[in-house]
Amino acid sequence: MTDFAARTGLSASARPPKRYLWTDAFALCNFLSLFAATGDGRYRALALQLIDQVHHVLARHRPESARQGWISGLSEEEGRRHPLAGGLRIGKKLDERGPEEPFDPEGEWDRDGQYFHYLTKWIHALTRAGAVLGEPLLLKHAAELAVVAVKAFTHAPPGRQEKRMYWKMSIDLSRPQVTSMGQHDPLDGYVTLLALIRTMTGLGLSPAAELRQSADSLSSMCRGRDWFSTDPLGIGGLLFDACRMTQLLIRNEDMAADTDMVLLADMLNAAENGLAHWLRLNPLNAPPAQRLAFRELGLAIGLKAAPLMNRLIRHRDAALPEAVTASWSLLSANIAIAKRMESFWMEAANRSGAHWRDHEDINSVMLATSLLPDQFLSLEAGAPAGNIP
């Protein structure tokens with residue numbers, strides 16, 4: 001994480017900031033984990049500096065763009081008070097596709113814009129920062145971003161009452177760039193907003209009615225959906241969402257317990273089936289050049305949730321359905337898979353090629369999260385989850 005901070009202009013003032021929202025969300029949780037584990041104020045300072053840079057780089061138009069200032073369109077002074085009122089750019093190397101430019105499925109991956117699932121990761125990271133650092137303003141920023149994101153990405157197709165979500169929006173949220181819906185976007189958004197609401201109320205803040213309405217809107221989009229995925233990053237994301245949902249259900253706050261218990265069971269079932277399918281492909285025996293570290297490490301992070309959940313369930317004597325507790329117990333048996341992936345990518349020889357260097361920031365940050373996932377996985381206020389294997 002020290003190398004990442006220097007490499008991306010966070011701690012090296014001579015380097016221009018190089019911010020990328022997904023990576024920075026994991027990095028923020030890592031600095032929180034290091035601060036909570038060591039009490040070293042350097043990590044608290046890095047966390048706050050990272051938040052400031054993300055908001056002043058990704059909440060503003062690209063430096064080379066004809067448009068300048070806050071992407072929300074607010075004045076400089078008002079934008080400083082509400083930096084997330086217009087969302088946050090992804091941070092891609094290429095500018096967004098213009099309204100008249102033809103759609104290129106391959107080229108679109110390299111273009112800037114806004115992703116909903118990146119915004120939810122930053123909302124989660126800000127929620128954890130507000131809780132761990134005791135900074136209520138960060139929770140208010142997270143809430144404002146949540147409402148803006150749900151409103152911008154949610155739409156009702158013509159002739160249909162059922163709402164859907166766009167996969168990608170333009171930098172200023174004025175038009176969709178990719179109209180299809182991410183498989184897990186409503187689910188990840190729903191759980192993220194519930195965790196934010198629970199954190200705010202736990203710290204004596206009153207979530208606005210619009211935030212709760214946004215969570216309800218996402219909940220309605222989760223009904224009857226299939227969460228099965230064979231992508232390791234997607235499976236890891238399911239386990240991350242299931243981890244947070246389990247913690248929320250144990251506390252039974254701000255939730256429709258029966259409906260959300262069914263949703264939790266569906267998530268865990270999909271994750272188990274997806275993991276079994278992925279392992280049958282024997283992916284861990286492939287050479288480094290044929291593997292994407294950050295996708296594997298997303299799964300490793302998700303698997304690290306299982307032992308944490310088992311301890312919480314036992315400690316709280318939680319009245320969860322047998323299917324839920326059995327799933328977490330079964331998933332705990334796969335912790336060796338997470339450790340195997342970590343060990344593989346800790347080997348210098350496996351990080352020596354272009355397959356690692358081309359994604360060095362995201363790879364290294366997610367490896368760090370897998371090694372110390374406490375504050376990424378936990379919903380506790382101000383305390384690490386503690387010694388996750």
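Can you give me the long-range amide H partners of Gly69? Hydrogens built in the peptide plane at 1.01 Å from N, cutoff under 5 Å, separation of 5 or more residues or another chain.
His61
Determine, for Ile301, Ile335, the number of other Cβ atoms within 10 Å of each Cβ, and report the residues in order from fewest to most.
Going from least to most buried by this count: Ile335, Ile301.
If N is the number of residues in the range 49-132, what value comes out of its Cα radius of gyration divided by 2.2 N^0.38 Å?
Computed over Cα atoms of the range 49-132, the ratio equals 1.17.
Rounded to the nearest 500 deg cm²/dmol, what is the calculated helix-only ellipticity per residue at 222 nm for the chain, with -39500 (n - 2.57) per DSSP H run of length n ≥ 4?
Roughly -18500 deg cm²/dmol at 222 nm, from the helical runs in the chain.
Among bridges DSSP assigns within the chain, what percent are antiparallel (round to 5)?
90
If Rh is defined by the Kirkwood formula over all Cα pairs and Rg also comes from Cα, what ratio Rg/Rh do you get for the chain?
Rounded to two decimals, Rg over Rh is 0.94.
Within 10 Å of each residue's Cβ, count the other Cβ atoms and sort Lys339, Lys168, Lys304 from fewest upward.
The most exposed by this proxy come first: Lys339, Lys168, Lys304.
Net charge near Ala25, counting Lys/Arg +1 and Asp/Glu -1 over other residues with Cβ under 10 Å of its Cβ?
+1
Taking the highest mean first, how do the peptides 23-32, 126-135, 76-85 order by number of other beta carbon atoms within 10 angstrom per residue?
23-32, 126-135, 76-85
Arrange the following residues from fewest to most other Cβ atoms within 10 Å of their Cβ: Glu96, Glu296.
Placing the least packed residue first, the sequence is Glu96, Glu296.
At each listed q (0.13, 0.16, 0.18 Å⁻¹), what is the log10 of I(q)/I(0) that the Debye formula gives for the range 185-343 modelled as equal alpha-carbon point scatterers?
Debye intensities relative to I(0), on a log10 scale: -0.62, -0.90, -1.08.
Taking 0.36 nm per intervening residue step and subtracting the Cα-Cα distance, what contour gain separates Ala6 from Glu162 on full extension?
Taking 0.36 nm per residue and subtracting the Cα distance, the gain is 51.5 nm.
When only Cα pairs under 8 Å and 6 or more residues apart are kept, what is the percent relative contact order across the chain?
Contact order relative to length: 17 percent.
Values in this text are rule-based calculations from the coordinates and carry no lab data. None of the values given here were measured: they were computed from a predicted structure. Counting neighbours? That spans all protein chains shown, and the Cβs are built from the backbone with ideal geometry, glycine included.
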